[in-house]
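Written below as structure tokens is the structure these notes are about.
The values are calculated or read from the model by the stated rules, or taken from the named source; none is laboratory data. All values reported here derive from a predicted model rather than from experimental measurement. Every residue, glycine as well, gets a Cβ built from its backbone with ideal geometry; the counts of neighbours run over all protein chains shown. Accessible surface is based on the protein model in full, side chains and every heavy atom, while ligands, DNA and RNA are left aside. Shrake-Rupley method; radii C 1.70, N 1.55, O 1.52, S 1.80 Å.
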Amino acid sequence: MTQSTLTPSTSTAEIQAMDAAHHIHPFSNSGALNRLGSRVITRSEGVYVWDSEGNKILDGMAGLWCVNMGYGRQELIDAATRQLGELPFYNTFFQTTHTPAVDLAALIASVTPGDLNHVFFANSGSEAIDTIIRTTRQYWQIQGKPYKHILISRENAYHGSTVGGASLGGMSAMHKQGAPTLPGIEHIRQPYWYGEGGDQSPEDFGLACAQALEDRILAVGPDNVAAFIAEPVQGAGGVIVPPANYWTEIQRICRKYDVLLAADEVICGFGRTGSWFGSQTLGIEPDIISMAKGLSSGYLPIAAVAIGDRIANALLEWDDEYAHGFTYSGHPVAAAVAAANIRLMQSENIIDYVASDIGPYFQKQLRDTLANHPLVGHIEGLGLMAGIALVKDKSTRALFSDDVNIGLICRNHCFNNGLIMRAVGSRMVLSPPLIITHEQVDELVTKAKHCLDLTMKDVNAG
Ligand code: PXG
């Protein structure tokens, strides 16, 4: 075992060699990655990051859908520093609390919609999802209906990477790895109109996808279904915005069969769609929601589940110990940063900026600049998230074969030309920091177009 010898002058190649020797990366083919060498990100400011070779890169993904208020925010750095000095850690178990957790719980309750007035803390979106799985099932147990335990989710949904999250999510590759998945989970079709709607109008397709929920509830028995869970807009699935009538219908069906409605707001929360939560933009009234990422703008790991009065009151009236929690539930430093982040969002009116200024501008510029590109079949998005479908044939929506790996070609061109744009199969996705300016949006779409041109050249060259 060699001793670490990293110094400011360590070369990129040396860092890559150490990385390859000791660091197993998430969601990566580690063998292939080690042969290529990782890109080393060294510093950041605003909407930009720099790599170890000095390249300045516009971060079109806000880290990983999370650095909503941008890099280098002094308010967040100060909040962390202050809290580290005062109380770096104490737990919230065993009849104790601390002001950062209390403050943040009250703040979250003040920005969440409806009666989502109660907050349970976790450290990652996956833990928040596991909390939703356990809490919705426990709710029905308290009601004397332990058989009402099935959770219904959707194909191509992403709900995290713990056993619970991977099982609940609809990523088939994840279901196979580390199998078997958890029992008591069902998946229905996703409302991906452009990819799966065929000749149906968006409205007919939206109704058909919602009908799939009712069909499944009836197939397994309404008395057995605890909850339906979904992202308001699918994120990691490729930024898929459901048809306008989809959520109204989903909600009607959940109410009809007394199935709890859970919204996974890990990506859509904290301004991404132009409201505090995607549920507000999409007109959803959930019983329970998960949040993470933008909660602290990614500065520290923290997640939360906001619980509506119905479920929370059942837990309170039950008058027994809910045996669930994490050492770092409500971690004081992470909570202080998250609270400072929410206050920063409020003082800068960032939600309004996304809803009525930069969000519409971003969506328009993307379409004006890219919609006619020969590789672009369709652009969809809301606020500051967008998905761009790359196709072989615009008129038939035919995709490139998998071995072309069109998304990866485009992603690499982007990285090499100063833009981070993520590929989800053949869909390119964007989710820039919410503080992005008009000029930076122009820079982003200009770079994206250039990289699509380069991708097209590669495709034509065979
Ligand atoms: N729910 C949703 C909707 C998510 O997007 C999680 C839960 C899990 O959160 P944690 O904090 O446990 O990762 C997520 C996370 C990608 C990508 O490549 C997306 C996520 C995570 C990693 C990669 O798009 N989303």
inquiry  = Condition check: in a loop (DSSP other than H, G, I, E, B), touching a His at 6+ places or on another chain (Cβ under 9 Å) and hydrophobic (A, V, I, L, M, F, W, C). Does A157 satisfy that?
reply    = yes
inquiry  = Suppose the filter is open to solvent by 10 Å² or more (accessible area, probe 1.4 Å), assigned to a helix (DSSP H, G or I), among the acidic types (D, E) and away from the ligand (no atom under 16 Å from the Cβ); does E321 pass it?
reply    = no
task = May I ask you to list pairs of residues, at least six apart or on different chains, whose Cβ atoms are under 7 Å apart, with the first in the range 180-208 being at pLDDT below 95 and the second being charged (D, E, K, R)?
result = none
request  = Only residues that are over 27 Å from G238 (Cβ atoms) and free of Cβ contacts under 8 Å to residues at least 40 places away in the same chain: list them for the range 29-76, please.
outcome  = N34, R35, G37, V40, T42, R43, E45, W50, G54, G72, Q74
ask   = For the range 237-249, what are the residues that are closer than 10 Å to L282 by Cβ and β-branched (V, I, T)?
value = V241, T248
Residues of the range 246-301 that turn out to be of a type in the set (S, T, N, Q) and without any contact (Cβ under 8 Å) to a residue 40 or more places away in the chain, as a count = 2
query = Quick check: is even one residue across the range 438-451 touching a residue at least 24 places away in the same chain (Cβ under 8 Å), within 30 Å of D352 (Cα to Cα), within 15 Å of the ligand (Cβ to nearest atom) and open to solvent by 40 Å² or more (accessible area, probe 1.4 Å)?
reply = no
key: Residue check, F120 of a type in the set (F, W, Y) and open to solvent by less than 70 Å² (accessible area, probe 1.4 Å)   = yes
ask   = Among strands (runs of 3 or more DSSP E) lying entirely in the range 11-116, which contain 2 or more residues that are surrounded by 13 or more Cβ atoms within 10 Å (Cβ to Cβ) and on the phi > 0 side of the Ramachandran plot?
value = none
Those residues of the range 389-411 which are part of a helix (DSSP H, G or I) and away from the ligand (no atom under 16 Å from the Cβ), in sequence order = D402, D403, V404, I406, I409
request  = Being under 20 Å from N29 (Cβ atoms), open to solvent by 40 Å² or more (accessible area, probe 1.4 Å) and without any contact (Cβ under 8 Å) to a residue 40 or more places away in the chain is the filter here, so list the residues in the range 390-415 that pass it.
outcome  = S401, D402, D403, N405, L408, R411, N412
request  = Please go through the range 124-155 and pick out each residue that is surrounded by fewer than 19 Cβ atoms within 10 Å (Cβ to Cβ) and of a type in the set (G, A, S).
outcome  = G144
